[in-house]
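Worksheet: the structure to be examined is printed underneath.
The values are calculated or read from the model by the stated rules, or taken from the named source; none is laboratory data. Not measured: the values here are computed from a predicted model. Cβ sites come from the backbone with ideal geometry, for glycine too, and all protein chains shown count toward neighbours. The accessibility values were calculated without ligands, DNA or RNA, using every heavy atom of the protein model including side chains. Shrake-Rupley method; radii C 1.70, N 1.55, O 1.52, S 1.80 Å.
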Amino acid sequence: MVSTQQRPVDSEGLDRSVGLLGLLWASEGSIIGSGWLFGALTAASIAGPSAIIAWCLASVIVVILALVHAELGGLFPVSGGTSRFPHYAFGSFAGATFGWFSYIQAATVAPIEVLAAIQYMSTASWASGFYNGTNNTLTGSGIAVAIGLMFFFVVVNLIGVRWLARFNTSVTTWKVLVPVLTIVVLLLTHFHSGNFTGGGGFFVKGAEFKDILIAVPNGGIVFALLGFEQAVQLGGESRNPAKDLPRAVIGSILIGAVVYILVQVAFIGALDPRLLNQAHTWANLAVPGKNPLLTALNAAPFYSVAKVAGLAWLAWILRLDAVVSPGGTGLIYVTSGSRLSFGLSKNGYIPELFEKKSAQTKVPVFSIVITALIGLIFLLPFPSWSKLVGVVTSASVLMYAGAPLALGALRLQKPDINRPYRLPAGHVLAPLSFMLANFIVYWAGWGTYSTLMVVMIIGYLLMSISFAFRLNPRQPVIDWTAAMWVFPYLIGMGIISYLGGFGQGGIIGGVGVFKTVLVGGNGHLGLYWDLLVLAIFSLAIYFVAISKRLPSHKVDEYVRDVYPPPVVE
């Protein structure tokens, strides 16, 4: 007799000890980080009070993407899941492409959270030497402190996932309570309704919808909402993944979206009207100049708002939270980054050494150390929050696009596998979420996209070296047929981004012919026409990709660690 029951098994040698609260708080701890401390100012400087609309729009998009991840996470509870779903559906090349985006995004978040913590700490006299407010960069001593914090993240991760979950649960509880407290206090005590029409009006520059779209990726909004997938990355260490993963993913993004929208409302309302009058427009709030109040606002936005409002006790809590909140997020991203490299190695893309686990704690030691070192590499040339956030966004805006494709393909490849959570109207929401993910990529602009492609080329080169020297015995045969849409997709996105009107610039400022060729975003495709072209292109790529999906028996080979062959009784 053949048993048809299929269930996830602990085949990767990881410690399955993380419960629902640990998973929920892992995602929430990643969502509530430096984004709430800096995102409100950055978004408002782009779109003014209409940044509230940008937060609502981004939240809807990210919620839909989170629902896609909820089904996939329950279906395949494996460590580093974001890097492995496209691999299961489209094979090695597609998996390597989206897996690399996922890994770089996770590895670069930890240092940006460290930068945020040091930037807020610099408001204290004892830490003023850590940060140079004139040029918004860390000093030598500040870099030393950043290295020390990254080392602390490594130590906590090496202790083991069980201790990490307990530590992160406590930290995240604090991280959620402080912004909620700040929202309540500012709305009740220092709310200036006139701010919503000051500084150029609710819609800055005369109701430009484009500013709202630009604020979604470039105002720190997408960056702030990132993190719901952290529960998915820990799927291989979940105690009850079938039920807990979907709940953690959906719950975390709903909590985060509500908190961030209210944070933006509170920031706009609590800002001292005199400061807005001195800046004249919302855009000038992000330019410190010679005004000491604006310089302080850029260094520590909510701390400065509370200080000017005479809420010294709240300012003290915010300074403390600026260490705890980004620190907790950085800690969990070292964890998730190491699990993503673990997943890339399990798929055979990078050396097998990334799977080496501690005999005592069952954590991937080499992956944790290398993830932290890569973070430090990004820290050195980008020694400020504002400079590094663009790099993180560049790596993350394309990361989520692989999940809707995987969902659509796996619904056809494996329709009978039990799904603890099944996305309602998945046949509609999967292509829609893929299209919306591409909108975020496009709104980030040509400068961001061209930088992202350079990072992608570096990834291809590194993985090619691993293949050439056979550093992983499980390295797969490249599935070119199932992934034949990948290059047209990346190139087509580049062409649309180059011809569109978002993010003028490029990876090389250029002179002469190079300036003409490499600097895009000049608006040859007008607003709305560009969105229509991108929507049609996205749907075409989606359905071509689905038609080229791997055959069902090939999927069985790739998911064998998760769903073993039927047992003959």
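Residues 90, 191, sorted by accessible area with the largest first, give 191, 90 [1.4 Å probe; ligands and nucleic acids excluded]. Applying 0.36 nm per residue to the separation of residue 240 and residue 380 and subtracting their alpha-carbon distance, the gain on full extension is 46.4 nm. Is the chain best put as rounded, prolate or oblate by its Cα gyration tensor, with a ≥ b ≥ c the root eigenvalues, rounded for a/c under 1.5, and otherwise prolate when a/b is larger than b/c, oblate when not? In terms of gyration-tensor shape, prolate. Under the simplified labelling scheme, the residue 499-residue 425 pair shows an inter-label distance of 3.1 nm, with each label point 7 Å from Cα along Cα→Cβ.
The amide H of residue 137, built 1.01 Å from its N in the peptide plane, has 132 as neighbours under 5 Å, considering only residues 5 or more places off or on other chains. When 419, 339 are compared by accessible area at a 1.4 angstrom probe, the order from most to least is 419, 339.
Give me the extension gain from residue 287 to residue 313: residue separation times 0.36 nm, minus the current Cα-Cα distance, reported in nm with one decimal. It would help to have the intermediate numbers written out before the result.
Details: separation 26, 0.36 × 26 = 9.36 nm, distance 2.73 nm.
Net length gain for the segment: 6.6 nm.
Between residue 208 and residue 416, the simple label model (points 7 Å from Cα in the Cβ direction) yields a spacing of 5.7 nm. Close amide H pairs (under 5 Å, H built 1.01 Å from N) link residue 350 with 345, residues at least 5 positions away or on another chain.
Span-like helix criteria (full DSSP H runs; alpha carbon extent of at least 24 Å along the helix axis; mean Kyte-Doolittle hydropathy of at least 0.5) are satisfied in the chain by 51-75, 92-121, 140-159, 161-189, 241-270, 312-346, 426-444, 446-468, 529-547.
Rg/Rh, computed from the Cα trace of segment 283-387 with Rh as the Kirkwood radius, has the value 1.18. Length gained on full extension, residue 155 to residue 21: 46.0 nm, using 0.36 nm per residue less the C-alpha separation. Solvent exposure of residue 280, expressed as accessible area, is near 140 Å², computed with a probe of 1.4 Å over the protein chains only. Residues of segment 119-137 with amide nitrogen under 13 Å from the 7 Å Cα-to-Cβ point of residue 274? Those under the cut-off are none; the list is empty.
Residues whose amide H lies under 5 Å from that of residue 398, counting only those 5 or more places away or on a different chain, are absent; hydrogens are built 1.01 Å from N in the peptide plane. Per-residue Karplus couplings for segment 475-481, computed as 6.51 cos²θ - 1.76 cosθ + 1.60 with θ equal to phi - 60°, are listed in order as 4, x, 6, 5, 8, 5, 5 Hz, Gly and Pro entered as x. Using Cβ point charges alone (K and R +1, D and E -1), the dipole size of the chain about the Cα centre works out to roughly 220 debye. Across the protein chains, with a 1.4 Å probe defining accessible surface, the residues 210, 175 rank 210, 175 from largest area downward. Rounded, prolate or oblate: which fits segment 324-473, taking a ≥ b ≥ c as square roots of the Cα gyration tensor eigenvalues, rounded meaning a/c under 1.5, else prolate when a/b beats b/c? Note, shape of segment 324-473 comes out oblate.
Kindly identify segment 412-470 as rounded, prolate or oblate by the Cα gyration tensor criterion: order the square roots of the eigenvalues as a ≥ b ≥ c, call it rounded if a/c is under 1.5, otherwise compare a/b with b/c, prolate if a/b is larger, else oblate. Oblate, since a/c reaches 1.5 and b/c is not below a/b.
With contacts taken as Cα pairs under 8 Å at a separation of at least 6 residues, the chain carries a relative contact order of 29 percent. In the complete set of protein chains, residue-level accessible area for residue 427 is approximately 140 Å², probe 1.4 angstrom. If the label point is 7 Å along Cα→Cβ of residue 189, which residues in segment 278-318 have backbone nitrogen under 17 Å from it? Within reach of a label on residue 189: 302-318. For segment 280-323, trypsin sites (Lys or Arg not before Pro) are listed when DSSP marks them as loop and at most 16 other Cβ atoms sit within 10 Å of their Cβ; the list is 290.
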